[in-house]
Every structure is written in C-alpha cells, then in structure tokens.
Amino acid sequence: MKLHSLRTQTTDPRERGTALGTRFGDQVSRIAELYLEHFATLAIPEAQVRAIATRSHEALRAWAPALAEESDACADASGVARWQVAAVGARTEILAACPTPGKGECSTAVFAPPGMPPQTMQTWDWHDSLVPDALLHELTPRAGRTVKLFTEFGVPGKIGVNSAGLGVHFNILFHATDATYATGTTNTTDATDTRHAADATARTTGRDAVPHHPLPAAGVPVHAIARRILDEADTLDQAVEIASTARVSASTSLTVVTADSRAASLELSPAGLAVVPAGEDGWLLHTNHFLDAGLAAAEAGPSDSLTAERLAHLKAVRATMPGLDPGERAKALCGAAGADAVVCMRPDEAKPAHQQWGTLLTIGLDVNGCALDYLAGAPYEATTRPFARF
C-alpha cells in the first residue's frame, strides 16, 4: 500500500472535494473500479450495489450535507460517476449485504489513565488488492479546526485526530440486524460511567418502527460518522451525541479518546448504539466483536474470525506498552511472538485475492499533538522500519 498525503486549507466542502479529485483522480478511479469488481466477486449484483450506494448517499446528504458535497465534487473532478465514489464511501454498508461476511480483522489498544497523555495503537487489516494507494489528509472543516486522518480514496474518514484533542480508531463489527433497519433497544455498558450518553443512546435505540421498504436498507455510512466526529466533536460527550443521531445499516466500533484521558468505544449497529467506557485502569481494548452484552447477544461475525484470540493477546501484552514511543509500542503490541503474533495478519496466498487479509497499517494517535504516527505494514515491521509522523 502506497500512502499519499494531501493538505487542504479550504473550509468549503466542494473545493476540498475538487482538490482531492483533481490531485488524485487516477487513484479515486482505480479504487472505485477495484471495489466494484470486489462486490461482483462476492456475488452482490451491481444493481444492488448501486441501490445501496445511492440510498446511503441520500442518507448522508440528509445527515451531513457537507460530506455528501465533498464526495460529489471529488467524483466530478475525478471523472468518476458519483454513485461509484459513493459506493466506496459506503463499502461497509454494501458488504453488509453479502451473505458471507469477511473477517474484518483489526485490533485497537487505547491507554488513557487519569492525568497522563493517552497512548494508542491500532492495526488496520484489509485486502491489499483493494488498497494499492491510500491517503493521509490534513483538512480544515471550519476556521480554527484541523483534522488529520488516514483513509481510502473515496472514503470520507476512518482513523484520525483533531486539533481539539480528540481521536478516533475504527473496527468493523457484525450484527444480526446488519443490512436492515432494526427497531429494538440495547443496553449501554455500565450506566454509571455512561450517564453522559444516556439521552443520546435512548434517542437512537428507542426509535419508532420503520415501515417495510422494498429497496435495500442503506443507512448513513459508518465511515462518515467517524469523519463527522473528527470534524465537529471537541469532547467524548459530543462524539456520542453525533453518533446517536445517525441511523445505520452496518455495524462498527468507533473508539474515541480525548486529551483529558477519556475514552469509550461507540458500538454502532442497526439495533442501536452502546457506549463501552475504558476500564478504571485506563485501558480500552477492541477487536471485531461486540463488548456490550446487549448487542453481543446478536453477534454475527464470521466463524473463522480470530477476534477473541486477538483480544486475549491485547490483554496479555498491554502491561508492556505504556510509556513507549510509537515504534517500541508497536513491537510491544506483538509481544514475545513477534512476527507470529495473532495481531499481525498475513495474507494466505493459496486463497483467492478476495479471501486474503493482511495488516496494511499500524497507527497510533497523538491527541495532544494532533498527529498520526504510522507504519505502512504490520507492527512487527517496526523492528526494521521506523514509524513516520503526519
């Protein structure tokens, strides 16, 4: 995966999207082509892909019009059909319609003890064949606000930080209600620690039933929720409030951490929003299964996922990670197993490309310094390659 960087200073979303599409038109076009081929390989008909992409884009336009404008401007400048760029932005929503979900192997470790600067690290595991190029983008959503993020071309956001001292990590989840609009309720974890989220969560989980619609369910793209939190939220409370207003059709965990040492995983699904706070020791670990008991009851992850094993590994190595620089922290993340650690995904070249998974990025957030520390590869590669800073 080749990482490109872009710094835009305009606060106008169309100008920002135009700059992105003009500078990286070839990459935007190629990534859209690769994803459409990937959906076809997974037997998701193009008509269904287009329907979900279009309806998700409509949901995005109603929920965050500036992000829809940015996407359309990027498509126009790239010479790519708007719905195709929207399909990349809603790739998680489209993949939720696949009868056989992929593994989605990502591992996140956040340490945010009271009175100390937070320290984080995440692996991002995906298909190398879909991401020959990716983007580090520094942008200005409004005057006085800087956002730095890592994402794919055509995707509004993923992992990042803002100048208010807030950062977001991203882990895909799988729920039985994915690709639907569920109307049930869910429990938040530890109501005492999440009172700040109670009203927002109730609005999300206690909504009225939605009439049956013959078209595919398509909610606000979860990647756009991560981006809007980075664009607008100064605090964990505000991040929860933003997430609570989005109706989704796919599941994801957004782990939010702030400079004042607050951290929580916002577990999103069509069944509702759950807020999982960091433990009293400051640690918050997340892989690819629900930690909230209510949502976990309808867990729908693939049977061959190593999510439980990776979470156990994070628990085993976490004591060795605090106080280290990003490169040393990445090596500590591997533990004694080194390159063979379960958090270091390697593609099985005996399988077809769409079934090959690898760790494409290892990334930490400096929420105090509004910076990303990253390595384009697995954490064990920090033994031979330095981390870069953006």
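Compactness of the chain was expressed as the Cα radius of gyration divided by 2.2 N^0.38 Å, which yields 0.90. In the Gaussian network model of the chain, springs joining C-alpha atoms below 10 Å, which of Pro45, Pro13, Pro156 carries the largest mean-square fluctuation? For the chain, modelled as a Gaussian network with Cα springs under 10 Å, the answer is Pro45.
Only Lys, Arg, Asp and Glu carry charge here, each on its Cβ (+1 for the first two, -1 for the last two); on that basis the chain has a dipole of about 380 debye about its Cα centre. Placing unit charges on the Cβ atoms of the charged side chains and taking the dipole of the chain about its Cα centre, the candidate lying farthest along the positive direction among Gln48, Leu268, Ala297 is Gln48. Summary value for the chain: 21 percent relative contact order, contacts being C-alpha pairs under 8 angstrom separated by 6+ residues. The dipole here belongs to the stretch 269-390: it is taken about the Cα centre, uses +1 on the Cβ of Lys and Arg and -1 on the Cβ of Asp and Glu, and is about 200 debye.
Taking Rh as the Kirkwood radius, which is the inverse of the mean 1/r over Cα pairs, what is the Rg/Rh value for the stretch 265-331?
So for the stretch 265-331, dividing Rg by the Kirkwood Rh gives 1.02.
Taking every alpha-carbon pair under 8 Å whose residues sit at least 6 apart, the stretch 226-343 reaches a relative contact order of 14 percent. In the chain, taking the dipole from charged Cβ atoms about the Cα centre, the farthest positive-side position among Ser249, Ala59, Ala378 is held by Ala59. Sparse packing (at most 16 other Cβ atoms within 10 Å of the Cβ) combined with a DSSP loop state is found for the following GluC sites (Glu not before Pro) in the stretch 281-390: Glu349. The distance linking the stretch 48-83 with the stretch 106-171 is 22 Å (Cα centroid to Cα centroid, whole angstrom). GNM on the chain, alpha-carbon springs under 10 angstrom: the most fluctuating residue among Thr100, Thr235, Thr252 is Thr100. Dipole of the chain computed with +1 at Lys/Arg Cβ and -1 at Asp/Glu Cβ about the Cα centre; of Phe24, Met345, Leu149, farthest Cα towards the positive end is Phe24. Add -39500 (n - 2.57) for each DSSP H run of 4 or more in the chain, then divide by its residues: what number comes out at 222 nm, to the nearest 500 deg cm²/dmol? Mean residue ellipticity at 222 nm (helix-derived): -9500 deg cm²/dmol. Its Cα gyration tensor gives the stretch 10-166 an equivalent ellipsoid, and the semi-axes of that ellipsoid, as √(5λ) in whole Å with the largest first, are 26, 22, 14. Largest GNM mean-square fluctuation across Ala224, Ala341, Ala47, computed for the chain with C-alpha springs under 10 Å, falls on Ala47. Projecting the alpha carbon convex hull of the stretch 1-93 along each direction and taking the average yields 6.0 nm². Across the accessible surface of the chain, with the other protein chains kept in place and a 1.4 Å probe, carbon and sulfur atoms take up 51 percent.
Working note: Debye formula, equal point scatterers on the alpha-carbon atoms of the stretch 263-390, no solvent; log10 I(q)/I(0) at q = 0.14, 0.17 Å⁻¹ is -0.75, -1.08. Of the beta bridges in the chain, as assigned by DSSP with both residues counted there, near 90 percent are antiparallel.
The values are calculated or read from the model by the stated rules, or taken from the named source; none is laboratory data. Please read these numbers as outputs of a predicted model, since none were measured by experiment. All Cβ positions, even for glycine, are placed from backbone atoms using ideal geometry, and neighbour counts span all protein chains on display. With ligands, DNA and RNA removed, areas are computed over all heavy atoms of the protein, side chains included. Shrake-Rupley method; radii C 1.70, N 1.55, O 1.52, S 1.80 Å.
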